[in-house]
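Only one structure is covered here, and it is reproduced in the block below.
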Amino acid sequence: MQVLVLRECGLLFHDSWINNNTLHSKALLFIMRIMNENTYQKWLSQLRKGYLELCVLVMLNKKQRSYGFEMLQLLNQAGVEINEGTLYPLLNRMEKNNWLSSVWETPTLSGHPRRFYELNNEGKELLPKMQSAFEQSSQFLTQLKE
Amino acid sequence: MSNQQYLKALKRALGNLKKHNRDEIIKEIQSHIQDIGESESLENKFGNVNTLAKKYLGDVPLAHPLHRKVGRFASKTMAIIGIFVLIVLTALAALAWYWSQDAFNYADESSKQLTYNKNSWQKTSWSELTTVEIDQSQVVLYWHKEDTLRWKCAREQSFDQGKLHIKQNNCLVYLPMHLSMIRADQARLILVHPLADATINITQSQLQMAENTAILSYQINAERSEVAKFQSDINSGINSDINSGNSADVKIAITSFESSIEHYKY
């Protein structure tokens, strides 16, 4: 694994180089630990990105339309860990991808303008495909474990 | 960092986005502030400004304030340099055009520069043997009804042994209404409205004709020279013997070698 990680960075080290207790081997191990952590974070962020997008699509499909703050509350209530700094750029990107469309609305009596999002046709077509792909992946993983 | 400062910083960091998109993002965050309450810190909720901006930007590079300043400064400086260079080039072109012009329109026979003044003009009586020789000079030749040879030059010019020999000088010369013998070598020669016959021999020179209203009969013998088409010519050409019309009573005989014969233009 350690050799593999280094290989990813274009470096080739033999196991014997890091199996002794010298200063440079300690330094190499430290670098590898950081790299392992970074690659895990990267993997997690990639996994979360797709997962959160699916969550937003599912929620909007159910609720028809919603705005940022409401979506944040609904997702958090459903146990999805997401904050403002992730949700708003995510909505922005999904709109750019043409999965969502948005419209600014101000309540007639009182209140401030809010940006309401809803699924557009492309998003509606995509949702069942994404759900099925996600469920399939989950099933494969369960099968592998058994 | 206050919420206002946070929004300002975010707006700056999103500088590479289109204005409309940037404004929409800021407006949405402002709307979110109103939902959560003004007392909440945006930095706590949304995280580091640059990290948030990077999420919005995706592949678009983050607008670095310093880069933008440097970019703006560089583009302004380049624009100023460009304008300055353009002005200098225009001024140089105007100066070159101005300097390349003649001192006045030599074809204008009523020009004040031609007004006779004893102090500035020199004069001598004319004889049949009088010749004008021009070397490495610019000379404008006019004709007048006096039996004298009159000249005005940039530098002192003497008349010696029946010969006006102009060398490395700029002169205006008036010839009498007699046959004139003119020889020019590496010179610029301008003939304005000839009133009498002239025999001109030029070598490596430029001869320009300002005929004005004169109808002239040209006899041009040119070798390795460029000869323009003259209004009074019918069959102008190199080594051609041309008679432009029966009514012409002034004959200009030109022998040219490695020279150009053309119309005078101011």
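Go through B:G15, B:G71, B:G47, B:G82 for me and flag whichever is surrounded by 10 or more Cβ atoms within 10 Å (Cβ to Cβ) and at positive phi. Talk me through it step by step, then tell me what you get.
Details: B:G15 fails: at positive phi; B:G71 fails: at positive phi; B:G82 fails: at positive phi.
On inspection, the qualifying residue turns out to be B:G47.
Conditions (1) more than 23 Å from B:I26 (Cβ to Cβ); (2) part of a helix (DSSP H, G or I), marked per residue:
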residue	(1), (2)
A:V58	yes, yes
A:E81	yes, no
A:M94	no, yes
A:A133	yes, yes
Any residue in region A:65-74 that is of a type outside the set (S, T, N, Q), touching an Asp or Glu at 6+ places or on another chain (Cβ under 8 Å) and more than 9 Å from every other protein chain (Cβ to nearest Cβ)? yes
Would it be correct to say that B:R12 is touching a Pro at 6+ places or on another chain (Cβ under 7 Å) and not β-branched (V, I, T)?
-> yes
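Among the residues of region B:171-189, which ones are in a strand (DSSP E or B), under 30 Å from the mean Cα position of the chain (by Cα) and farther than 16 Å from B:H144 by Cβ?
Answer for region B:171-189, where residues must be in a strand (DSSP E or B), under 30 Å from the mean Cα position of the chain (by Cα) and farther than 16 Å from B:H144 by Cβ: B:A184, B:D185, B:R188, B:L189.
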Within region B:177-231, the residues that are among the acidic types (D, E) and crowded, with 19+ Cβ neighbours inside 10 Å are B:E211
Taking region B:5-54 and keeping residues closer than 18 Å to A:F69 by Cα and among the charged types (D, E, K, R) leaves B:E24, B:K27, B:E28, B:D35, B:E38, B:E40, B:E43, B:K45
Taking region B:105-138 and keeping residues touching a residue at least 40 places away in the same chain (Cβ under 8 Å) and more than 25 Å from B:D197 (Cβ to Cβ) leaves B:N105, B:Q113, B:Q136
(message) Just checking, does region A:39-46 include any residue being more than 30 Å from A:H112 (Cα to Cα), within 14 Å of another protein chain (Cβ to nearest Cβ), basic (K, R) and surrounded by fewer than 18 Cβ atoms within 10 Å (Cβ to Cβ)?
(response) no
Flagged pairs (Cβ under 6 angstrom, 6 or more apart or on separate chains; first in region B:21-40, at the interface with chain A (Cβ under 7 Å from one of its Cβ atoms); second exposed (fewer than 14 other Cβ atoms within 10 Å of the Cβ) and outside any helix (DSSP H, G or I)) are B:S31/A:H112; B:Q34/A:H112
Residues in region A:39-77 that are modelled with pLDDT of 90 or more, in contact with a helix residue (DSSP H, G or I) (Cβ under 8 Å, 6 or more places away or on another chain) and not acidic (D, E) total 18
Taking region A:107-130 and keeping residues part of a loop (DSSP other than H, G, I, E, B), more than 10 Å from chain B (Cβ to nearest Cβ) and more than 22 Å from the chain's Cα centre (by Cα) leaves A:P107, A:T108, A:L109, A:S110
Going through region B:25-54 in order, the residues found to be small (G, A, S), more than 60 Å from the chain's Cα centre (by Cα) and assigned to a helix (DSSP H, G or I) are B:S31
In the set B:S111, B:S100, the lone residue that is surrounded by fewer than 20 Cβ atoms within 10 Å (Cβ to Cβ) and under 23 Å from B:V227 (Cα atoms) is B:S100
| Taking the condition within 30 Å of B:L14 (Cα to Cα) and modelled with pLDDT of 90 or more, does B:A107 pass? | no
Sole miss for A:R114 among (1) over 21 Å from B:I26 (Cβ atoms); (2) basic (K, R); (3) surrounded by 19 or more Cβ atoms within 10 Å (Cβ to Cβ) is condition (1)
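The values are calculated or read from the model by the stated rules, or taken from the named source; none is laboratory data. As the structure is a computational prediction, the values presented were derived from the model and not from experiment. Glycine gets a Cβ as well: all are built from the backbone with ideal geometry, and neighbour counts include every protein chain shown.
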